Every structure is written in C-alpha cells, then in structure tokens.
Amino acid sequence: MAKIIRYPENVDDPSIIQTILPHADFGGEDCCGCLTATIITDTAVLSCNECGFVVKMVPAADIHRAIAQLETQVESTTAICPHCGAENTLLGMSEALAFTCRNCGRGADLTK
Ligand SMILES: [Zn+2]
Ligand SMILES: [Zn+2]
C-alpha cells in the first residue's frame, strides 16, 4: 500500500509553476534555462531553472498575470506538430525551424 506523505501543517508546500519563458530573453544571455515560479507563502519568485538567477518577485496572487505579461514580451510563433497535429507556441523564436512537441514529445524538424 502506498504511503501518503504529508507535509507538516505549519510548513507551506511550495508550489512551483514551470513556464516556457526562456531565461535568455530576460537577461540570461546564453543560458538555456526556463523561468520557474516558486510560490513561497505569499510571494512568487520567478527564477531560472538552470542557473537559479532570480528575474522577478511578485505577490503570489499576481503570478499568473505576471507570467502572461512576460509571455507577451517574448517573441513567439506557433507551429503545428507534423506527428500529432498539436499547435505549439514557441517562445523566443520568430520562425519555427525545429522544436519538441509539447503534446506528443517528439522532435519536429521543419527544415526538411
Ligand atoms: Zn538561467
Ligand atoms: Zn506532436
């Protein structure tokens, strides 16, 4: 029987929101990481999952709005997966050449 692990009630279970915002578009230069929002009590810390750089801190209640706002700042394009037909939003790219489908997980090379 599976053991249910519970966090002690006085410790907040930190929620983590993985975004597809590339750190490279927010001062990360050559960093290949993406921004991750970690909610610690009532503050959301937006940091890089690769190098740990903190890009932004916002009130936890505003994190979804903050992420949506950042997404509008990033150059993006949409591409249809040739394997499953799912539409993928690609951030940080003005033209889709190759990507990994977020629906089926297969790599697509549109240059072929
Ligand atoms: Zn980074
Ligand atoms: Zn696919």
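Derivation of every value follows stated rules applied to the coordinates shown; laboratory data play no part. Source: prediction; values computed, not measured. Note: ideal-geometry Cβ built from the backbone for every residue, glycine included; neighbour counts use all protein chains shown.
Data overview
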read-out: For the stretch 16-23, 3J(HN,Hα) per residue [Karplus equation, 6.51 cos²θ - 1.76 cosθ + 1.60, θ = phi - 60°, Hz, x = Gly/Pro]; value: 10, 10, 8, 9, 10, 6, x, 4
read-out: Contour minus Cα-Cα distance for Thr100 and Asp62 (0.36 nm per residue); value: 10.7 nm
read-out: Normalised per residue, the volume of the convex hull around the Cα set of the stretch 16-71 (Å³); value: 61 Å³
read-out: The chain: angle of helix 63-73 to the longest principal axis, Cα-based, in degrees nearest 10; value: 20 degrees
read-out: Net charge, Thr19 excluded, C-beta distance under 12 Å - Lys, Arg +1, Asp, Glu -1; value: -1
read-out: Nitroxide proxy distance, nm - points 7 Å out along Cα→Cβ at Lys112 and Ile80; value: 1.9 nm
read-out: Residue-wise HN-Hα coupling along the stretch 45-51, computed from phi with Karplus coefficients 6.51, -1.76, 1.60 (Hz; x: Gly, Pro); value: 9, 9, 9, 7, 7, 9, 10
read-out: Spacing of the two label points (7 Å from each Cα toward its C-beta) at Met93 and Phe53, in nm; value: 2.2 nm
read-out: Overall form of the chain per C-alpha gyration tensor (a/c, 1.5; a/b vs b/c); value: oblate
read-out: Relative exposure of Leu97, Leu35, Leu91, judged by other C-beta atoms within 10 Å (fewest first); value: Leu97, Leu91, Leu35
